[in-house]
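To start, the structure itself, in structure tokens.
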Amino acid sequence: MIERMFRALGTITKLIILLLIVAGTYAYAMFQGGFVSWFLFYSVVTLIGLTVLVGLFNLKGFKVERKLSSTVLYSGDSIEVEVILKKSRFQPFFYVRVRDIVPNNIGSQTSYSALFFFSFSNELRFTYKIKGVKRGEHTLTKTELSFGDLFGLFEKKFKVESESSFIVYPAFKVLNSLPRADHSQIEEGTRPDQSLEEERSLAGVRSYTPGDRLTSINWKQSARVSQLMTKEFETFRNDGAVVLFEPYMRQPSSEPFEKTVELSASLIATVVKGTNASFSIRSVNWQSYEMTQANLPLALKLLAKVEPEKSGPPPIHKIYRDWRGKNVYVVSAELNAELIAALTVMKEQKISPHVVLYTEDLRDQVMTQKLKQKGIKVHVLPIGGVKR
């Protein structure tokens, strides 16, 4: 309210000054006479008339387009944005300030505005650069146009909608080798045709572990020993690797989380060079994808969008059965009790979990000792931030 009052007061003051200028030049022309004095008076009147006339025009016929130097980048890259302002050739204005509205979470940008004076050109262009772009999917949606006159009597502002999107993948590098793993794992589980030959492939029974299917429980044996017993079937080889990204972080902090995402991307880029590779990520639920060199961008896109989660993974989940006999590289920014419980269940289900950390703080060291006591390997790999 106060700002509007001051703005109105400023406009009134400018009008009074202009009226005084007109009156002064008129008085000068009347008393002085001659060509020069009257030319000065008519020039001032003409400029003021044009100012009022332009102020009456509708200035919303402008359109904005953008040209991006690239739509796919990696964290830390730079992107060049060209803003194109399109207008009618004879659309009048004294000057226009074009400012592209860039969110602060994209990166550090140079000057992203430009000032143009009256022009008959159909297009007005300027370019700016965003340096050190941050991981994520970013969209530029609005451009602000500010119009004004020579005397500063009026200023009109409005925003033009124009959507331009680009995605920033996490930076990564291909590792020389994966953390030391057990390359010959025996998977205790079912083949695709197990439902048809379940009884014929029965090898024995064992104690029930959380996550076992109810259809695999041997009820007769369970009743005999007064505890749940699970049928154990014929074993088969199924070497493979799974990169699992766990986004838990108790107190979200940008740098450790970003480095962990980059570490996960590096592991994926290394694993896809082998066979039977897959990638899993937890958001609302687990998402799992088979990985090849061709669909590596899919994993990078998922990692580009991932955000920290305030809760840990469920200790029991049906997806764990798909990982039996495989090396599972669990990349996490921070360890927690829920993750340890889930890893313990994986271990009991004949999975070889490997915890991979970017760094290890004091709280993680306590959790690390618990994992080692359970026979789960922990690797600290301070890598990341190196593109491709």
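Annotation for residue 72 and residue 113: the two label points, set 7 Å from Cα along the Cα-Cβ direction, are 3.6 nm apart. Under a 5 Å amide H to amide H cut-off, with H placed in plane at 1.01 Å, what residues pair with residue 209 once short-range neighbours are removed? HN-HN under 5 Å from residue 209: empty list.
When the Cα gyration tensor is reduced to axis lengths a ≥ b ≥ c, the ratio a/c is 1.5 or higher for segment 289-373, and with a/b not above b/c it is classed as oblate. Modelled spin labels at residue 101 and residue 39, positioned 7 Å past Cα toward Cβ, are 4.8 nm from each other. Straight-line cross-link reach from residue 310 at under 23 Å between alpha-carbon atoms covers these lysines, not counting any fewer than eight positions away in the same chain: 134, 259, 301, 318, 370.
Apply 1/(1 + (r/R0)^6) to the Cβ-Cβ distance of residue 276 and residue 139, taking R0 = 35 Å, and write down the FRET efficiency to the nearest 0.05. Kindly include the intermediate steps, with their values, before the conclusion.
Values: r = 37 Å, r/R0 = 1.05.
After rounding to 0.05, the efficiency reads 0.45.
Placing R0 at 22 angstrom, the Cβ-Cβ distance between residue 370 and residue 209 gives a FRET efficiency of 0.75 after rounding to 0.05.
Given a 1.4 Å probe and the protein chains as shown, residue 141 ends up with an accessible area of around 50 Å².
The values are calculated or read from the model by the stated rules, or taken from the named source; none is laboratory data. Note that the structure is predicted; figures quoted are calculated from it, not measured. Glycine gets a Cβ as well: all are built from the backbone with ideal geometry, and neighbour counts include every protein chain shown. With ligands, DNA and RNA removed, areas are computed over all heavy atoms of the protein, side chains included. Shrake-Rupley method; radii C 1.70, N 1.55, O 1.52, S 1.80 Å.
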